[in-house]
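Values quoted throughout were computed directly from the atomic coordinates according to the rules given, and no laboratory measurement underlies them. Just so you know, these numbers come straight off a predicted model, no measurement behind them. Heads up, the Cβs are rebuilt from the backbone with ideal geometry, glycines too, and the neighbour counts pull from every protein chain shown.
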Amino acid sequence: MLLILLGPPGAGKGTQAGQVVEDYGLAYISTGAILRSAVKEGTALGQKARQYMDLGQLVPDELVVEIVKSRLQESDCEKGALLDGFPRTVEQASFLEKVLPETGKKVDCVLLIEVKENELIERLTGRRVCSECGTNYHLSHKPPKVRNVCDECGGDLYQRDDDSLETVKERLEVYKSQTEPLIDFYNSREVLARIDGNQDIDSVRDQIKAVVDKL
Ligand code: AP5
Ligand code: MG
């Protein structure tokens, strides 16, 4: 099974991903997380990617498709995968269509999580992330039990560099111009499922489960 989580920055893709991966035994591929870890490690990829990410812009397609291509060949993807944050341009989606047959897979479902724009801004500017395990928190919607400490692993929480108000606004514009065309792309292939992401975290999880259970 191959699932894609599509939706604007702050829609809750990362928040929902953990449960989906666990429920269906899928490998988790988040291009954003892979890129952030390359930036942290200071690799050549990280150095190139950082200049785009800090501005809220997309990293060039040729860099990202290489990451996904090699990640899909790893053994844990044999049983299926959940893509979070990829594809996010029509070029990336076309690339995926081209390489998937080589791996014996096809896109089974694209889960589009839709959330109102003012809510997205509130979610992103209030987000905190664990520096050790990557678990997402929110200052008011999902606070940790102890301030700035991860409930799961005890790691320190931090604010992502691209979660400042100015960069969030740029990311939302980039989503509209470069990623939204994927809605028509996948709708025409009859694999798009719309999820109301304005609801609370558990209700969104239930909606996703209802869709994926029927696949
Ligand atoms: P990426 O890491 O993919 O970020 P994004 O798409 O902008 O999405 P986010 O991770 O910000 O949001 P999310 O939907 O995961 O929300 P979350 O669950 O955290 O990409 C970052 C950058 O990397 C890009 O800008 C680009 O530069 C580069 N990049 C990555 N992939 C690329 C690609 N394919 N091509 C080119 N460049 C690429 O939730 C947000 C907050 O809301 C949290 O605080 C959470 O607790 C809270 N929350 C979640 N759900 C709910 C709910 N239902 N109710 C209330 N609060 C909620
Ligand atoms: Mg995310």
The range 1-68 to the range 185-200: how many Å between their Cα centroids? 19 Å
Compute the FRET efficiency between S70 and V90 as 1/(1 + (r/R0)^6), taking r as their Cβ-Cβ distance and R0 = 22 Å, and round to the nearest 0.05. 0.50
Rounded, prolate or oblate: which one fits the range 58-99, using the alpha carbon gyration tensor with axes a ≥ b ≥ c (rounded when a/c is under 1.5, else prolate when a/b beats b/c, else oblate)? prolate
At 7 Å along the Cα-to-beta-carbon direction for both K209 and S177, put a label point, then send me their distance in nm to one decimal. 4.1 nm
Distance violations [Cα-Cα > 22 Å] among K69/K142; K116/K176; K13/K209; K13/K116; K116/K142: K69/K142
For the range 46-112, run through the GluC sites (Glu not before Pro) and keep only the ones in DSSP coil with at most 14 other Cβ atoms within 10 Å of their Cβ. E74, E78
Gyration tensor (alpha-carbon) shape descriptor, the range 146-215, a/c threshold 1.5: oblate
Starting from the Cα of E119, move 7 Å in the Cα-to-Cβ direction to define the label point; list residues of the range 185-210 whose amide nitrogen is under 19 Å from there. 193-210
Cα-based shape type of the chain, given that a ≥ b ≥ c are square roots of the gyration tensor eigenvalues and the cut on a/c is 1.5: rounded
Length-normalised contact order of the chain in % [C-alpha pairs under 8 Å, at least 6 apart]: 30 percent
Net charge (Lys, Arg +1; Asp, Glu -1) of residues whose beta-carbon lies under 13 Å from that of Y28, Y28 excluded, is -2
Sum -39500 (n - 2.57) across every DSSP H segment of at least 4 residues in the chain, then divide by the residue count to get the 222 nm mean residue ellipticity, nearest 500. -13000 deg cm²/dmol
What does the highest-first list of 39-52, 166-179 look like by mean Cβ count within 10 Å? 166-179, 39-52
Straight distance only, please: which lysines reach the Cα of K48 with their own Cα at less than 18 Å, same-chain residues fewer than 8 apart left out? K40
